[in-house]
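What follows is calculated from the coordinates using simple rules that are stated; it is not laboratory data. Computed from a predicted model, the values in this text were never measured in an experiment. FYI the Cβ positions are ideal-geometry reconstructions off the backbone, even for glycines, and counts take in every protein chain you see.
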Amino acid sequence: MALIQCRECGREVSSSAKFCPGCGIKKPKPINWNAWGIILALFFASLIYNTFKPNDAAKNTEGQSLTTKNSTPPTPPTSASSVNPPAQTPSAPEPKEKRPQWFYKTVEEEMGRGKVTTATIISENSLRFGFPYEGEQWPHLVLRSHPKFGKDILVNIDRGQFLCRYDDCHVYVRFDNEKPQRFNASGPSDHSSTTLFISDFSRFLKGVRKADKTYIEAEFYNNGQRVIEFDTAGLKWE
């Protein structure tokens, strides 16, 4: 028979004693914590395993769904447009280049003598002069009927100077591919250098009526001879 220490008061007692003679505690034999530790460890391990154990039925179902999903490729949606592609609408023909237009204007003369009628068209090409008239500009060709001054042909520019000598002022005009014709010219009464009057209205009008292109060659101060091109087709002049 072995002697052990009481787990309560520490007095030596017999290992088979049911009571401690010192403190009277029942079963004074010390508790074997190592054995209890192993038991508790096994208990908690079993509890954790059962809690997180995967469901076999769910696992099998998931596996089957994955197998089915991976083995059968998805069918792309079918629409009417994919089966029968829409017929392509033929593109509209490109519009022809729009020709320059004559601009018409009729106003009452300030003194009440009658109506002033003009037909104006802008040049096809532009002019560029040197200092101090630099910059791009498009001359204007004007046909005018005035109750006081009669019928005139005017060529206007924004900047620069028509070179018109008092004893010999003229321009050359070519209608389409015809030979150039000489027309006398003159400056305005206010001595402006940006307007030139061309004489012989009837001859000029006759040429313009049957021509698609009208070319006017004039001389400019410090810039020499320049040719101005007008698309004069479609003139409506009474």
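Packing here is the average count of other Cβ atoms within 10 Å per residue, and on that basis the peptides 121-127, 187-193, 134-140, highest first, run 121-127, 134-140, 187-193.
In this structure, the pairs whose alpha-carbon distance is over 26 Å, taken from Lys115/Lys213; Lys148/Lys213; Lys105/Lys151; Lys115/Lys179; Lys148/Lys236; Lys148/Lys210, are Lys115/Lys213; Lys148/Lys213; Lys115/Lys179; Lys148/Lys210.
The slack in the chain from His146 to His191, taken as 0.36 nm per residue of separation less the alpha-carbon distance, amounts to 14.2 nm.
Each residue, Tyr172 and Lys115, gets one label point 7 Å from its Cα in the Cβ direction; the gap between the two is 3.9 nm. The label point for Phe43 and the one for Gln101, both projected 7 Å from the Cα toward the Cβ, are 10.3 nm apart.
Once the Cα-Cα distance is subtracted from the 0.36 nm per residue extended length, the Glu108 to Thr51 segment shows a gain of 9.9 nm.
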